[in-house]
Amino acid sequence: MAQVQVQPQAPVSGASAVAANGGGVGQFPSTSLYVGDLETNVTDSQLFDLFSQVGHVLFVRVCRDMNTRRSLGYAYVNFGNPMDAMRALDVLNFTPLNNKPIRIMYSNRDPSARKSGTANIFIKNLDKAIDNKALQETFSAFGTILSCKVATDPSGQSKGYGFVQFDREEAAQNAIEGLNGMLLNDKQVYVGPFLRKHERENSFFKTKFNNVFVKNLSNSTTEEDLTRIFGEYGKMTSVVVMREADGKSKCFGFVNFENPDDAALAVQELNGKKFDDKEWFLGRAQKKAEREQELKVRFEQSMKETADKFQGANLYLKNLDDSIGDEKLKELFSVFGTITSYKVMRDPNGISRGSGFVAFSTPEEASRALSG
DNA sequence: TTTGAGCGA
């Protein structure tokens, strides 16, 4: 058999560091805090003095640009025990240093939670008197908060909106249900999921449209049927059922309304209704390119999710002997741990490309295989 | 009215 070369798909050192501290939430107690929103001139010793007030500080460092030595605006503070770290988070969060409130979180080097925006919510119409601490207190009733902030102008004045990110989607949902529309300091607040700018602007449901797409029609549904049913909602400019060359219905169609409000109402009222025992799906008609784009985005998203899942636990193998098949690969590597997937890459003729993948259930098992 | 930014040795 040819010599097998094994290399990690992602740096294994990074992956195991994540597993080791677990981000300070859940069952992994953490002693390492990330301190952000630092004013540029805040120093190590200022932080040391502040954090030493609540416990035994082992390590403090303001991170700086390698070349210019300018502060990057964040620091790490490590405590000797998790209780001190927890207390620091509780007591010192939002303490002003050089007149700017610091923001403390558990250190978590895995960026996926930060980037994904999961369990992240947006609050607006906040009374100006509600500061970071008040926001934190209000929302902590619903779960563990990873990060929380009231947006402020440079003078520190509240802009009347803010953000809370929870550790779990369920907590975020509960907070939205529990607080949206409630009075906080006599102002009715809006609480909803956080959306990035492009997500709001491109929001599928916000866009006005005239053309309605209907699918899951029965074979026998005709333009006349659609005209009769949709006619209830307003004046239409065209109605069509799409058909094969031989006239057989493709079971979907389009209804174009003169007035977008009528189109929206028709979708709202008729979506999910049953006709001839078929449950209709209605929506805004998308242009072909738009539809393809959406499918593409969805596909890329799911690719990314599987890539994240295998992060650190997936090994890329090359120089495999042609005689090694999927099962042999699994057999060879199962001595190092639990294999969750395995594959020898093959060309279209089924000939091994001499490379493949083995995924373990944990990054630790993968690194064992690397050194083994 | 108002939808951030963010992780080392």
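The values are calculated or read from the model by the stated rules, or taken from the named source; none is laboratory data. Just so you know, these numbers come straight off a predicted model, no measurement behind them. Cβ: placed from backbone, ideal geometry, glycine included. Neighbour counts: every protein chain shown.
Name the residue that is surrounded by the fewest Cβ atoms within 10 Å (Cβ to Cβ), counting only residues in segment A:160-203 that are part of a loop (DSSP other than H, G, I, E, B) and touching a Gly at 6+ places or on another chain (Cβ under 8 Å).
A:ARG196
Could you go through segment A:143-152 and let me know if any residue there is under 30 Å from A:VAL35 (Cβ atoms), more than 14 Å from DNA strand B (Cβ to nearest atom) and in contact (Cβ under 8 Å) with a residue 24 or more places away in the chain.
yes
Matching residues to (1) under 25 Å from A:PRO154 (Cα atoms); (2) without any contact (Cβ under 8 Å) to a residue 40 or more places away in the chain; (3) within 13 Å of DNA strand B (Cβ to nearest atom); (4) surrounded by 15 or more Cβ atoms within 10 Å (Cβ to Cβ):
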residue: A:MET66; (1), (2), (3), (4): no, yes, yes, no
residue: A:TYR74; (1), (2), (3), (4): yes, no, yes, yes
residue: A:ALA85; (1), (2), (3), (4): no, no, yes, yes
residue: A:LEU89; (1), (2), (3), (4): yes, no, yes, yes
residue: A:PHE94; (1), (2), (3), (4): yes, no, yes, yes
residue: A:ARG103; (1), (2), (3), (4): yes, no, yes, yes
residue: A:TYR106; (1), (2), (3), (4): no, no, yes, yes
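Can you work out which of the residues in segment A:114-133 that are out of contact with any strand residue (DSSP E or B) (no Cβ under 7 Å at 6 or more places or on another chain) and either within 6 Å of DNA strand B (Cβ to nearest atom) or under 19 Å from A:PHE194 (Cβ atoms) (or both) is modelled with the highest pLDDT?
Filtering segment A:114-133 for residues that are out of contact with any strand residue (DSSP E or B) (no Cβ under 7 Å at 6 or more places or on another chain) and either within 6 Å of DNA strand B (Cβ to nearest atom) or under 19 Å from A:PHE194 (Cβ atoms) (or both), the one modelled with the highest pLDDT comes out as A:THR118.
Anything in segment A:118-171 that is among the aliphatic types (A, V, I, L, M) and over 19 Å from A:ILE104 (Cα atoms)? List them, or say none.
Within segment A:118-171, A:ILE123, A:LEU126, A:ALA129, A:ALA171 qualify.
Looking only at residues in segment A:42-60 that are within 14 Å of A:ILE102 (Cα to Cα) and within 13 Å of DNA strand B (Cβ to nearest atom), which one is surrounded by the most Cβ atoms within 10 Å (Cβ to Cβ)?
A:PHE51
What tally of residues in segment A:233-275 results from selecting those that are without any contact (Cβ under 8 Å) to a residue 24 or more places away in the chain and of a type in the set (Asp, Glu)?
Residues flagged as without any contact (Cβ under 8 Å) to a residue 24 or more places away in the chain and of a type in the set (Asp, Glu) within segment A:233-275 amount to 2.
If you scan segment A:352-372, which residues turn out to be assigned to a helix (DSSP H, G or I) and of a type outside the set (S, T, N, Q)?
Within segment A:352-372, A:PRO363, A:GLU364, A:GLU365, A:ALA366, A:ARG368, A:ALA369, A:LEU370 meet the criteria.
If you take the residues of segment A:22-43 that are out of contact with any strand residue (DSSP E or B) (no Cβ under 6 Å at 6 or more places or on another chain) and closer than 30 Å to A:ALA366 by Cβ, which of them is modelled with the lowest pLDDT?
Among residues in segment A:22-43 that are out of contact with any strand residue (DSSP E or B) (no Cβ under 6 Å at 6 or more places or on another chain) and closer than 30 Å to A:ALA366 by Cβ, the one modelled with the lowest pLDDT is A:GLY22.
Condition check ((1) more than 13 Å from DNA strand B (Cβ to nearest atom); (2) without any contact (Cβ under 8 Å) to a residue 24 or more places away in the chain) across all residues:
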{"site": "A:GLN157", "(1), (2)": "no, no"}
{"site": "A:ILE176", "(1), (2)": "no, no"}
{"site": "A:LEU183", "(1), (2)": "yes, yes"}
{"site": "A:ASN210", "(1), (2)": "yes, no"}
{"site": "A:PHE213", "(1), (2)": "yes, no"}
{"site": "A:GLU224", "(1), (2)": "yes, yes"}
{"site": "A:PHE230", "(1), (2)": "yes, no"}
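For residues that are over 41 Å from the mean Cα position of the chain (by Cα) and charged (D, E, K, R), scanning just segment A:207-231, find the one that is nearest to A:ASP277 (Cα to Cα).
Across segment A:207-231, the extreme among qualifying residues is A:ASP225.
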